[in-house]
Amino acid sequence: MSVVSAITVTVPATTANLGPGFDCIGAALKLYNEFKFTRQEGGLSIYVTGTEAERVQTDESNLLYQAFVKFYQYIKQTPPTVKIEIKLGVPLARGLGSSATAIVGGLVAANQLEGTPMSQSQVMELAIAMERHPDNVVPALLGGCRLAATSGAAWEICDVPWHQDVVPVIAIPNFELSTSKARGVLPSEVSRADAIFNTAHLGLLLRGLETGNGQWLKTALQDKLHQPYRKALIPGYDALNIAAVSAGAYGMVISGAGPTLLALADKLNSKAVEAAMLAAWQEEGITAEVRSLSLDTQGAKSF
């Protein structure tokens, strides 16, 4: 192992849940945050650029730095003093895994600075422990679409094939929704019927993503565990759903905890779905950014 003086890490945004896959499935998207760590004498310094940069903490409470420190606590070493430069490309508190990029970025950077004393699997376990669920941090670290299941203390991670004709269309509104608020509206218990419903639909979702079968995806994106409760927190949800499906989307779901909405469409209809979702939110008086993206297959990268 050999320590280095500086490292830059890029981490992709993620979209989690994908309808019935609550807290267990997520996909990495080609939208990135970049973090550069440089060893320096003196104290901590953090500089942030990009959209909403002024809202990011620049002291020891910064989540990226907390993840960096957590790594050193884990290996029982004192963290070095560093300069951190953050370039934001992932919107904050919008359901696109911005916190996961910080956790993964801090852990990967620390591991690289110290000559990789931890394996990727160990970094992943630590990231899950910090985030408390795997659906965002796992694809942010590994890339692609990933399903996570636990067996006791260990995690099993399954790569989910994603057909090239299935296009994620994301609609990012100009308002936020905190994860704690989105979790606060969920019931503490669900019926057996709803549990069975989601189990069946998650299985169909996996096959629909793999094959690109549009009819399967139309059915598979339905959910009874979280979206019926959370959609009331997102103005215009029903209008956007109708607009997206009418324009050719297989269906629409909440990305992560929201408020970003995710539609899945084929390549032929993705642009029409973009336009329809944008127009629907404009009719609600909400400014939004809508774009078609593709999957990131590499996850966190360092150089």
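Say whether the condition of being of a type outside the set (A, V, I, L, M) and within 27 Å of THR150 (Cβ to Cβ) is met by at least one residue in region 56-65.
No: zero hits.
Just to be sure, is ALA243 more than 30 Å from GLY106 (Cβ to Cβ), surrounded by fewer than 21 Cβ atoms within 10 Å (Cβ to Cβ) and free of Cβ contacts under 8 Å to residues at least 60 places away in the same chain?
Spelling it out, it is not the case that ALA243 is more than 30 Å from GLY106 (Cβ to Cβ), surrounded by fewer than 21 Cβ atoms within 10 Å (Cβ to Cβ) and free of Cβ contacts under 8 Å to residues at least 60 places away in the same chain.
Just a yes or no: is a residue in region 209-224 open to solvent by 50 Å² or more (accessible area, probe 1.4 Å), in contact (Cβ under 8 Å) with a residue 24 or more places away in the chain, over 14 Å from ILE25 (Cβ atoms) and of a type in the set (Ser, Thr, Tyr)?
There is at least one residue in region 209-224 that is open to solvent by 50 Å² or more (accessible area, probe 1.4 Å), in contact (Cβ under 8 Å) with a residue 24 or more places away in the chain, over 14 Å from ILE25 (Cβ atoms) and of a type in the set (Ser, Thr, Tyr).
Give me the pairs: first residue in region 57-69 and under 16 Å from ALA127 (Cα atoms), second residue open to solvent by 60 Å² or more (accessible area, probe 1.4 Å), beta-carbon distance under 9 Å, and six or more apart or on different chains, which are they?
LEU63/GLN57; TYR65/GLN57; TYR65/ASP59; GLN66/GLU60; VAL69/GLU60
Can you name the residue in region 253-303 that is β-branched (Val, Ile, Thr) and closer than 25 Å to GLN164 by Cα and, of all such residues, is surrounded by the fewest Cβ atoms within 10 Å (Cβ to Cβ)?
So the residue we want is THR297.
Looking at the structure I just gave you, is GLU52 surrounded by fewer than 18 Cβ atoms within 10 Å (Cβ to Cβ), under 28 Å from ASN174 (Cα atoms) and in contact with a Leu (Cβ under 8 Å, 6 or more places away or on another chain)?
Spelling it out, GLU52 is indeed surrounded by fewer than 18 Cβ atoms within 10 Å (Cβ to Cβ), under 28 Å from ASN174 (Cα atoms) and in contact with a Leu (Cβ under 8 Å, 6 or more places away or on another chain).
Please indicate, with yes or no, whether at least one residue in region 78-86 is open to solvent by 30 Å² or more (accessible area, probe 1.4 Å), in a loop (DSSP other than H, G, I, E, B) and touching a residue at least 24 places away in the same chain (Cβ under 8 Å). Step through it out loud before you land on a result.
Of region 78-86, the ones open to solvent by 30 Å² or more (accessible area, probe 1.4 Å) are 78-79, 81, 83, 85.
Okay, now just the ones that are also in a loop (DSSP other than H, G, I, E, B), so 78-79, 81.
From the residues that got through so far, the ones that are touching a residue at least 24 places away in the same chain (Cβ under 8 Å) too are 79, 81.
Yes - at least one qualifying residue is present in region 78-86.
How about region 1-29: which of its residues are in a loop (DSSP other than H, G, I, E, B), buried (at least 24 other Cβ atoms within 10 Å of the Cβ) and on the phi < 0 side of the Ramachandran plot?
PRO20, GLY21
Find the helices (runs of 4 or more DSSP H) located wholly in region 97-194 whose residues include 3 or more that are hydroxyl-bearing (Ser, Thr, Tyr) and in contact with a Leu (Cβ under 9 Å, 6 or more places away or on another chain), and list them.
Once the helices (runs of 4 or more DSSP H) in region 97-194 are filtered for at least 3 residues that are hydroxyl-bearing (Ser, Thr, Tyr) and in contact with a Leu (Cβ under 9 Å, 6 or more places away or on another chain), what remains is 98-113.
Before we move on, is ARG183 at pLDDT 95 or above and either open to solvent by 10 Å² or more (accessible area, probe 1.4 Å) or not small (Gly, Ala, Ser) (or both)?
So ARG183 fails the test.
Could you please find all residues in region 162-174 being surrounded by 13 or more Cβ atoms within 10 Å (Cβ to Cβ) and within 20 Å of the chain's Cα centre (by Cα)? Outline the logic, then answer.
Step one: of region 162-174, the residues surrounded by 13 or more Cβ atoms within 10 Å (Cβ to Cβ) are 162-163, 165-173.
Matches in region 162-174: TRP162, HIS163, VAL166, VAL167, PRO168, VAL169, ILE170, ALA171, ILE172, PRO173.
If you scan region 221-251, which residues turn out to be in a loop (DSSP other than H, G, I, E, B) and over 14 Å from SER270 (Cα atoms)? Please lay out each step first, then the result.
Taking region 221-251 and keeping what is in a loop (DSSP other than H, G, I, E, B), we get 221-226, 234-236, 247-250.
If the condition is that a residue be in a loop (DSSP other than H, G, I, E, B) and over 14 Å from SER270 (Cα atoms), then LEU221, GLN222, ASP223, LYS224, LEU225, HIS226, ILE234, PRO235, GLY236 are the ones that fit.
Does ALA200 satisfy the condition of being open to solvent by 30 Å² or more (accessible area, probe 1.4 Å), at pLDDT 95 or above and in a helix (DSSP H, G or I)?
yes
For residues in region 55-77 being in contact with a Leu (Cβ under 8 Å, 6 or more places away or on another chain) and aliphatic (A, V, I, L, M), which is least open to solvent (accessible area, probe 1.4 Å)?
ALA67
From LEU147, LEU177, which residue is more than 27 Å from GLY285 (Cβ to Cβ) and in contact with a helix residue (DSSP H, G or I) (Cβ under 8 Å, 6 or more places away or on another chain)?
Step by step, each of LEU147, LEU177 is checked, and only LEU147 is more than 27 Å from GLY285 (Cβ to Cβ) and in contact with a helix residue (DSSP H, G or I) (Cβ under 8 Å, 6 or more places away or on another chain).
Just to check your reading of the model, which residue among ILE254, ILE234 is touching a Pro at 6+ places or on another chain (Cβ under 7 Å) and either farther than 23 Å from GLY21 by Cβ or among the β-branched types (Val, Ile, Thr) (or both)?
Being touching a Pro at 6+ places or on another chain (Cβ under 7 Å) and either farther than 23 Å from GLY21 by Cβ or among the β-branched types (Val, Ile, Thr) (or both) holds for just one of ILE254, ILE234, which is ILE234.
The values are calculated or read from the model by the stated rules, or taken from the named source; none is laboratory data. The model shown is predicted, which means the values in this text are computed figures rather than measured ones. Don't worry about glycine lacking a Cβ; one is built from the backbone with ideal geometry, like all the others, and counts go over all protein chains shown. Ligands, DNA and RNA are stripped out before the accessible areas are found, and what is left, the full protein with its side chains, is counted by its heavy atoms. Shrake-Rupley method; radii C 1.70, N 1.55, O 1.52, S 1.80 Å.
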